[in-house]
Structure formats: structure tokens, C-alpha cells
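Asks: Got a structure for you, written out below as C-alpha cells; questions coming shortly.
Every number in this text was worked out from the coordinates using simple rules, so none of it is lab data. Owing to the predicted nature of the structure, the values given are computational and were not obtained by experimental measurement. Cβ sites come from the backbone with ideal geometry, for glycine too, and all protein chains shown count toward neighbours.
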Amino acid sequence: MSWETVIGLEIHAQLATRSKIFSGASTAFGAEPNTQACAVDLGLPGVLPVVNAGVVNMAVRFGLATDAHITKRSQFARKNYFYPDLPKGYQISQMALPIVGEGAVTVSLPDGTEKKINITRAHLEEDAGKSVHDLFDDCTGVDLNRAGTPLLEIVSEPDMRSAVEAVAYARQIHALVRYIDICDGNMQEGSFRCDANVSVRPSGQTELGTRAEIKNLNSFRFLERAILYEVDRQIDLLESGQSVVQETRLYDSDKDETRSMRSKEEANDYRYFPDPDLPPLVIDNAFIDSVKAEMPELPQLRRARFINDYKLSSTDASALMGDKATAEYFEAVLEGQTFPAKLAANWIIGELSGRLNKENCTIENASVQAPRLGQLLARIDDGTISGKIGKQVFDDMWGTDASADDIIEQKGLKQITDSSAIEAMIDDVIAANPSQVAEYQGGKEKLLSFFVGAVMKASKGKANPGQLNQILRDKLKNA
């Protein structure tokens, strides 16, 4: 039987405020356990929550970025359940009236196609605490620092049909929340995490299959692997005559498998009701307009501009759009320069990214900042040095304050562009290798690289490659 996969994602983006959603407690990561949970976060008697205006601004910003409906009168609700890291016994969230309604994003897929993914809603809520297992003698500790941290839960429609589409959508949302400065996107610290609702159904069937929800996926690779495993698991169950049970599952990255966590609750299991301590959240057109006026350039607009203005390929533009800092670095490299944008794109995607990965460093903290890389690329473009020598200069620039011009001058790395000097070196190489010359003239043209290498060695890598190849071909032809 042929099966169709159906996937919807719930993405939790931690909003980048310095204080929590209903209290003034800090949201800073890495504090000692239980040092950043105040009386409001713990729900102690006599306290009242107060909405952080910053989280409202950020939620509206997301709504505008996804062309979504902004609810002018939204409502906070209590979601009731009991768990050790939920000190109040309920979580303040939004149910019937979320602040952001229906919207959409268009994602670019690896095969070059695009797909529109609809967003059902995006609502504000507080995070729970964190259970830390196996601390001492198989005990579990509870850290409530995270309790009350502001989250925007972004719920998609079940529009995705493969793990590839799900990862593309998650990456798009990840880039978007960083671009509009509402979330730092740090998946290792839990600032951006996904729950995947996965089901399968016979191809051609319109009715949805029974879904399993895979919780707390904190990397794109884990998201993809978890979905692939879950799809295979459900198909195996159905094809063997068994049923898929609606449940919550966890992904074990060590075993590359999902395992059952608990039966899946429905909305009525949480006994939602409006929070009596919080009045309806009312915003007006003036507030929405003020947020709109502060919006940065959105990723999809910047990507289109990179393709149209800089003549980059769709692939290069998408690679540079991976995060806001990389896109800004790219434009800073080009500032005041005349070399092709493609040259800068190649170096940032290739040489710079490789070095950042090696050093485990972010582009914001790169040792070679954009203006210095721009100067280096200008010297490659004007023929002062070759691209190969440029990589050597780049290595010498890393970790120092020296400019490209200083290193080129101090180490005598300027290209040899004197035609007579290049001709003399070529003549010497041809004279020293008569048998290879005969083979080349006999049709073994692959030997050209042998001669190029020999001349480059003689010039210590300084011969201009373009001049070298042209002169060498003429000389070999007439030798």
C-alpha cells in the first residue's frame, strides 16, 4: 500500500525579553537552580500576574511578519495539569482567543521548489520549570528558573508531507524569529524547540490518520530523524494489522528511535478557562502601526533583493539568509567595494563558514570582520593576489589585527603579472620536460595541469593564473 505522511509542527520560541511574561524575574540563562523564580512565578497566595508589554510587542511583530490576523482582544486562560515542574498546578496560556490568528510562510525546498505552509495560530504562554533527572542516586531535581519565561507557541496546519518539508519550515521560522529580534534561536539552551505531530494515511485518503506527538526536539537533525523513524513505525504497525495509538512520544537520539511517554491529552483534559487574574488583552490600531513602523526588513524580502540586486543564485541567497548576522556581514563586506557580490558570497559560504565551524565561533565574533575581508577580496579581484594566495592571507589575518595589504606587502605575495617573467619560467619548464611536451602535443591535454603546477612552483604561487594559462597554451602549441 502507498502511504502519505502528514506533519504539523508546534514551535516554542522563547521571547527575548529580560524579564518573565508575568513578573519582573530575570530570564537570563545559566543561573544557579531556583534563583530566578519569584513569588508570581510560583503562584504563591496573594500574588497577581501582570503582562509584560514587551511580549505583546513581539507577538504582534511575528503576526505582521507572517501576514497573520492580529486579535485586538485576546484572552489568557489557565491550562490545568499536574507535574513536578509546574508549581502552580496550571500554566497560563491562550486557547480560544490567541493574540495571533491565521497566517502563512512560504518555504524554499532543496529541490528548488517552494511551498506555502499555513499557520493556525501563535499564542502567548509561560514556560514551565525543568526536571533534571539522575542527579544523585537516581533522584530527580526540579529547577524552577524557567517557570514564567515568555513563550510564543507557533502552531502550523498539518500541511507538511515529508521530513524535508518539516525541517525547511522549522528553519524558516527559526530564521524569521531571529530576523525580527523576538528570539535568539538558541536550540542548545532551549530557546527554540519543536513538537512534531506525525501521522500517516493511505494515499488519496482525505481523512487524517491517528497522530503521535514527538516532544521537545531541539535540533533540525533530530527533528528530521524523529519524523523518519515515526513514519516507518506507524506504517509498520498499520501494515501488520495493528492500530496507531494517539500518544506523546520522546525521541532518543542515541538509539535513533521514538518511545512512548504518555497517552495524548485532548484540550478538554486540560480544563481550560479564562484566567480570573488577567483581564482581556486589548490592543488597538495605533499600537499595531507603531510595531509595524519598527519592523526590520523581512527575510523573504531581503532574499529577493539579494537575487535581484546582487545577481546571486537562489541557492547562494538562501545560504546567506540562514541568519540575520550572516546576511548583514555579507552586505558589510560589499560596502564601498566594486568587486562582484558573487565573490563575497563564495568566500562567506565557503572559507569563512569553514573557519567559523573549526573555531566553534559565531560570525558576530569572527576574528576577520567584514571590512577587513572586503579589503582582501578587493586585492583578489584587482589581481594583486590570486585566490589561492588569498586563502593564505586570510589565515594570516585570522587572530591578528593585520590588514590584507600589510600581510601582502610584508610577505611579498603580490602576483607576478609581468608577461616576460612568466614566459621565462614557462620556457624553463618546457625545456626541462620534453617527453611531457610531446605527449601533450600528441593529444594528452590533461598534462596541462602538470605544466601549470610546475610553473606555479617555480613562481612560488605568485604567477597570475589567467596569464599563465594563456601563455602556456600558446607555448606548448608551438614548442
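Asks: How high is the FRET efficiency between residue 140 and residue 313 when r is their beta carbon distance and R₀ equals 45 Å, given to the nearest 0.05?
Replies: For R0 = 45 Å, the calculated efficiency reads 0.35.
Asks: May I pose another question? Sort 32, 439, 213 so that the residue with the fewest other Cβ atoms within 10 Å of its own Cβ comes first and the one with the most comes last.
Replies: Starting with the residue having the fewest Cβ neighbours, the order is 32, 439, 213.
Asks: Return the distance in nm (one decimal) between the two label points of a simple spin-label model at residue 411 and residue 457, each offset 7 Å from Cα along Cα→Cβ.
Replies: According to this spin-label approximation, the distance is 2.1 nm.
Asks: With the dipole of region 419-478 worked out from charges on the C-beta (+1 for Lys and Arg, -1 for Asp and Glu) around the Cα centre, which of 470, 429, 453 lies farthest toward the positive end?
Replies: Positive-end residue among those listed: 453.
Asks: For region 3-289, give the magnitude of the charge dipole about the Cα centre (Cβ charges: +1 Lys/Arg, -1 Asp/Glu; no others), in debye to the nearest 20.
Replies: Dipole magnitude for region 3-289 comes out near 580 debye.
Asks: Would you mind ranking 183, 139, 361 so that the residue whose beta carbon has the fewest other beta carbons within 10 Å leads the list?
Replies: Going from sparsest to densest Cβ surroundings: 139, 361, 183.
Asks: Then there is this: Explain nothing, just the number: relative contact order of the chain, from Cα pairs under 8 Å at least 6 residues apart, as a whole percent.
Replies: Once normalised by length, the contact order is 14 percent.
Asks: With unit charges on the beta carbon (Lys/Arg positive, Asp/Glu negative), name the residue among 140, 370, 49 whose Cα is farthest towards the positive pole of the charge dipole of the chain.
Replies: It is 370, whose Cα lies furthest towards the positive end.
Asks: Next up: If R0 is 30 Å, what FRET efficiency do you get for residue 203 and residue 48 from their C-beta distance, rounded to 0.05?
Replies: 0.05
Asks: Right, something else. Give me the percent relative contact order of region 419-478, please, defined on Cα pairs under 8 angstrom at least 6 residues apart.
Replies: Relative contact order for region 419-478 comes out at 45 percent.
Asks: If each residue's Cβ is checked for other Cβ atoms within 10 Å, how do 397, 160 rank with the fewest at the top?
Replies: 397, 160
Asks: From the helices alone, meaning DSSP H stretches of at least four residues, give me the mean residue ellipticity at 222 nm for the chain, per-run term -39500 (n - 2.57), in deg cm²/dmol to the nearest 500.
Replies: -11500 deg cm²/dmol
Asks: Compute the distance in nm between two label points, each set 7 Å from the Cα along the Cα-to-Cβ direction, one at residue 427 and one at residue 444.
Replies: 2.6 nm
Asks: Follow-up question, since we're still on this one. In degrees between 0 and 90, to the nearest 10, how far off the longest principal axis of the chain does helix 419-432 point, with axes built from Cα atoms?
Replies: The angle comes out near 80 degrees.
Asks: Continuing with the same structure: For the pair residue 305 and residue 34, how long in nm is the line joining their label points, each one 7 Å along Cα→Cβ?
Replies: 5.0 nm
Asks: Let me know the shape class of region 370-466, please: from the alpha-carbon gyration tensor, a ≥ b ≥ c as square roots of the eigenvalues, rounded when a/c is under 1.5, otherwise prolate if a/b is greater than b/c, or oblate.
Replies: It comes out prolate by the Cα gyration axes.
Asks: Something else: Can you pull the percent of Cα pairs in region 419-478 with separation above 16 Å?
Replies: Every Cα pair in region 419-478 considered, those over 16 Å come to 32 percent.
Asks: Which of the lysines could a cross-linker span from residue 358 if the Cα-Cα distance has to be under 23 Å and same-chain partners fewer than 8 positions apart are dropped?
Replies: Hits, sequence-local ones excluded: 324, 388, 391.
Asks: What is the chain by shape, rounded, prolate or oblate, if you read a ≥ b ≥ c off the alpha carbon gyration tensor as root eigenvalues and call it rounded for a/c under 1.5, prolate for a/b larger than b/c, and oblate otherwise?
Replies: In terms of gyration-tensor shape, prolate.
Asks: Moving on to the next point. Compute the length gained on full extension between residue 236 and residue 4: take 0.36 nm times their separation in residues and subtract their Cα-Cα distance, giving the result in nm to one decimal.
Replies: 82.2 nm
Asks: How high is the relative contact order of region 297-410, in percent, counting Cα pairs under 8 Å that sit 6 or more residues apart?
Replies: 21 percent
Asks: Subtracting the Cα-Cα distance from 0.36 nm times the residue separation, let me have the gained length for residue 246 to residue 268 in nm, one decimal.
Replies: 6.4 nm
Asks: Under a Cβ-only charge scheme (Lys and Arg +1, Asp and Glu -1), can you give me the dipole magnitude of region 419-478 about the Cα centre, in debye to the nearest 20?
Replies: For this selection, approximately 200 debye.
Asks: Can you give me the angle between helix 299-310 and the longest principal axis of the chain, using Cα atoms only, in degrees from 0 to 90, rounded to the nearest 10?
Replies: Approximately 20 degrees, to the nearest 10.
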